[in-house]
Amino acid sequence: MTLALGCIADDYTGASDLANTLTRAGLRTVQTIGIPADDLALPEVDAVVVSLKSRSIEAGLAVSRSRAADKWLRGRGAGHVLFKICSTFDSTDAGNIGPVMDALRADCGEGAVLVTPAFPETGRTVYQGNLFVGAVPLNESPLKDHPLNPMHDSNLVRVLARQSRTQIGLVDLATVTRGAEAVRARLAELAAKGIGAAIIDAVFDRDLETIGLVAAEHLLSVGASGMGLGLARALVSTGKVKSAPPSSETGAAVGGPAACLAGSCSQATLQQIAVAERIMPVLHLDPEQIVAGAGEAQRALDWARPRLAEGPVLIASSATPEAVAAVQARHGRDAAGHAIEQAMADIAEGLVQAGVRRLVVAGGETSGAVVDRLRIPGFLVGVEIAAGVPVLRAVGSEAGDMLLALKSGNFGGAEFFTDALRLMR
Ligand SMILES: Nc1ncnc2c1ncn2[C@@H]1O[C@H](COP(=O)(O)OP(=O)(O)O)[C@@H](O)[C@H]1O
Ligand SMILES: O=C(O)[C@@H](O)C(=O)COP(=O)(O)O
């Protein structure tokens, strides 16, 4: 098998979002958790999305893991590798988008790398290098309050320049609108000046199609699912991949108890939890108790177990920006985040031991901690619940057949939890 497209995702929800986009654009796709073993037998696929949990770790580690993933993908024949980042460019001045991009660029010898987090389907657009989330610039969106990487600058040329060793250029919308040839010329002009990467504007899917045509001629790109869409459509339109219809099935029903876990503190997730309160029992965890020890996870499991036979339950640590800030002030941002993620992983493990085989998780880091603890090596992509969120069928899971939904904090409508459970039978 020779891969048409290799992808390295910096978190697990982002990986399933991308795998969903590629599948719907006609690429047969699998999502692996971590770098697969060299001898992993894969089904016939066009694309592999390697999920890393590298968005919020130390930059040097993110670089070494991403380089190893890149090596694996190129070893399987991938002629192009997409480094999948968040559509809200989640990162800090210490990284990790810039350092990983620089390292992958050096490894493959790329001239100038095209970078865009645009994903119009979910309201992420880029104009003059500025990222908009819906109608507002990134720095005015709820991302300004993200617990791990608050985003305070919407100008991505500046943001990436602070993280990267190379100069960052811009390919503006006027150029993109003129078509692939104009983008090629602009990119060549930037590369000739020694500029190693360029933020490229995109407002509509047609812009991403133009970008995808040019990016696919190169070795490396950086972007969110919109870049994946552009690349996938380019691979199909140029005949490099024969389009496969996405399955409308998630396979056989797994049945049994279902549960939801929420660690995202995004505005979207807070609203989804409020709506779920009307439909299912919801337990709000106490972050102070979590940081104090393992008792809170045990309390959650004692609460959930007797309820599982009656229907789905939801356990959430999610809190408002003010409450998150208070916890972080007392315990530190990373220590609080890590303790809560590990508590979520403890709870997920206990729920699976109690028979749960259908699990919805809200939050990227949270999903990473949960999936790692459940030791799930990979996923097949099923039906789409909401833009960017598919039903996933675990493959090679020790717990046997399981369905999961890994929801990016920001994605999904108000009724996301019930929408997901309706499709996870
Ligand atoms: N009540 C809380 N106080 C402080 N941090 C929290 C709280 N609840 C969750 N967190 C942490 O916030 C982070 C949320 O990140 P993540 O799960 O990636 O969500 P998102 O998808 O919205 O980015 C995690 O590290 C999580 O452990
Ligand atoms: O691109 C996106 O917005 C998502 O795919 C994504 O990466 C989400 O990250 P989290 O919000 O941390 O789940």
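Only the coordinates and a few stated rules stand behind these numbers; no lab work does. Fair warning: this is a prediction, and the values are worked out from it, not measured in the lab. Positions of Cβ are backbone-derived with ideal geometry, glycine not excepted, and every protein chain shown enters the neighbour counts.
Remarks
- The listed peptides 70-77, 227-234, ordered by packing as a protection proxy, come out as 227-234, 70-77 (highest mean of other Cβ atoms within 10 Å first).
- Cα-based reach from K407 at 22 Å (exclusive), listing lysines while leaving out same-chain residues under 8 positions away: K53, K84, K144
- Degrees separating the helix 364-373 axis from the principal Cα axis of the chain, which is the longest one: 60
- Summing Cβ point charges (Lys, Arg +1; Asp, Glu -1) relative to the Cα centre of the chain gives a dipole of roughly 620 debye.
- Dimensionless Rg/Rh of the range 258-423 - Kirkwood Rh, Rg from C-alpha atoms: 0.94
- In nm, spacing of pseudo-spin labels at R158 and R330 (7 Å Cα→C-beta vector): 3.5
- Anisotropy class of the range 5-237 from Cα gyration tensor, a/c 1.5 cut: rounded
- Student exercise, the range 5-237 dipole from Lys, Arg, Asp, Glu Cβ charges, in Debye to nearest 20: 240
- Charge dipole of the range 234-349 (Cα centre as origin; +1 on each Lys and Arg Cβ, -1 on each Asp and Glu Cβ, all else neutral): 460 debye, rounded to the nearest 20.
- Extreme residue, positive dipole direction of the chain, given options A112, H284, V236 (C-beta unit charges): V236
- Taken over the chain, the convex hull of the Cα atoms encloses 120 Å³ per residue.
- Of interest is the spacing of the C-alpha centroids, which for the range 361-418 and the range 237-296 amounts to 6 Å.
- Rounded to 10°, Cα long-axis angle of helix 333-353 versus longest principal axis of the chain: 60
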